[in-house]
Structures are given as C-alpha cells and as structure tokens.
Amino acid sequence: MAGIEDARKTFDKFDKNGDGFVTPVEFQQAMVELGDRHYTVGLAEAILRTRDGNGDGVLSFEEFFDRAKEL
Ligand SMILES: [Ca+2]
Ligand SMILES: [Ca+2]
C-alpha cells in the first residue's frame with residue numbers, strides 16, 4: 001500500500017493548478033497524459049463523483065487519500 005507521500009505526489013500530478021482540488025477537467029487531462037487519449041471529461045466527472053465525499057464536485061486530497069486507502 002502506498003504511503004501518504006506517494007498519494008500526495010499522485011494527487012499533485014492531477015492537481016494541475018495546485019489549488020488543492022482536482023476538478024473533472026484536471027482529472028481528464030491527467031488521464032490523457034498518462035496515455036488514455038480517449039478519456040472524456042464526462043468519464044472524469046463520473047469517477048470524481050464516486051470519490052467526492054462532500055459533494056462539491058471537486059476532489060480534495062483528503063477525499064483522494066481516503067479512497068486510495070480502500071484500494
Ligand atoms: Ca486544481
Ligand atoms: Ca469534494
């Protein structure tokens with residue numbers, strides 16, 4: 001299991017503008033950069049929704065890490 005520092009590095013890759021939250025567009029861009037060229041914003045929104053604990057439509061590090069622990 002990856003530690004919190006690894007999770008933070010991964011989160012920072014997704015959080016392009018460094019504001020501490022990953023938006024669906026940021027998530028989609030990161031997935032495209034990781035090689036999934038057909039990844040859509042709609043798909044990113046759906047994935048984020050499954051992890052979005054407080055329902056604000058963006059992913060905080062806490063939400064990201066909480067879910068990562070379950071994997
Ligand atoms: Ca961001
Ligand atoms: Ca959230």
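The values are calculated or read from the model by the stated rules, or taken from the named source; none is laboratory data. For clarity, every value in this text was computed on a predicted model and none was experimentally measured. Note that we place each Cβ from the backbone using ideal geometry, even for glycine, and neighbour counts take in every protein chain shown. Calculation scope for accessible area: heavy atoms of the full protein, side chains included, ligands and nucleic acids excluded. Shrake-Rupley method; radii C 1.70, N 1.55, O 1.52, S 1.80 Å.
A search for C-beta distances below 9 Å between a residue of the stretch 15-27 that is within 7 Å of ligand 1 (Cβ to nearest atom) and any residue that is open to solvent by 30 Å² or more (accessible area, probe 1.4 Å) and in a helix (DSSP H, G or I), counting only pairs 6+ apart in sequence or on different chains, returns 16/25; 16/29; 18/12. Starting from residues that are surrounded by fewer than 18 Cβ atoms within 10 Å (Cβ to Cβ) and charged (D, E, K, R), keep the ones in the stretch 16-51 and report whichever is nearest to ligand 2 (Cβ to nearest atom). Per the stated criteria, the residue is 51. Answer with yes or no whether residue 5 is assigned to a helix (DSSP H, G or I), loosely packed, with under 12 Cβ neighbours inside 10 Å and either at negative phi or free of Cβ contacts under 8 Å to residues at least 40 places away in the same chain (or both). In short, yes.
Quick check, is residue 53 more than 15 Å from ligand 1 (Cβ to nearest atom) and either of a type in the set (Gly, Ala, Ser) or in a loop (DSSP other than H, G, I, E, B) (or both)?
yes
Scanning the stretch 8-24 for residues that are charged (D, E, K, R) and on the phi > 0 side of the Ramachandran plot yields nothing. Residue 10 meets the stated requirement of being part of a helix (DSSP H, G or I) and either crowded, with 18+ Cβ neighbours inside 10 Å or away from ligand 2 (no atom under 16 Å from the Cβ) (or both).
Sort out which residues of the stretch 52-66 are surrounded by fewer than 15 Cβ atoms within 10 Å (Cβ to Cβ) and touching a helix residue (DSSP H, G or I) at 6+ places or on another chain (Cβ under 6 Å), and write them in order of number.
Once the filter is applied, which keeps residues that are surrounded by fewer than 15 Cβ atoms within 10 Å (Cβ to Cβ) and touching a helix residue (DSSP H, G or I) at 6+ places or on another chain (Cβ under 6 Å), the stretch 52-66 yields only 53.
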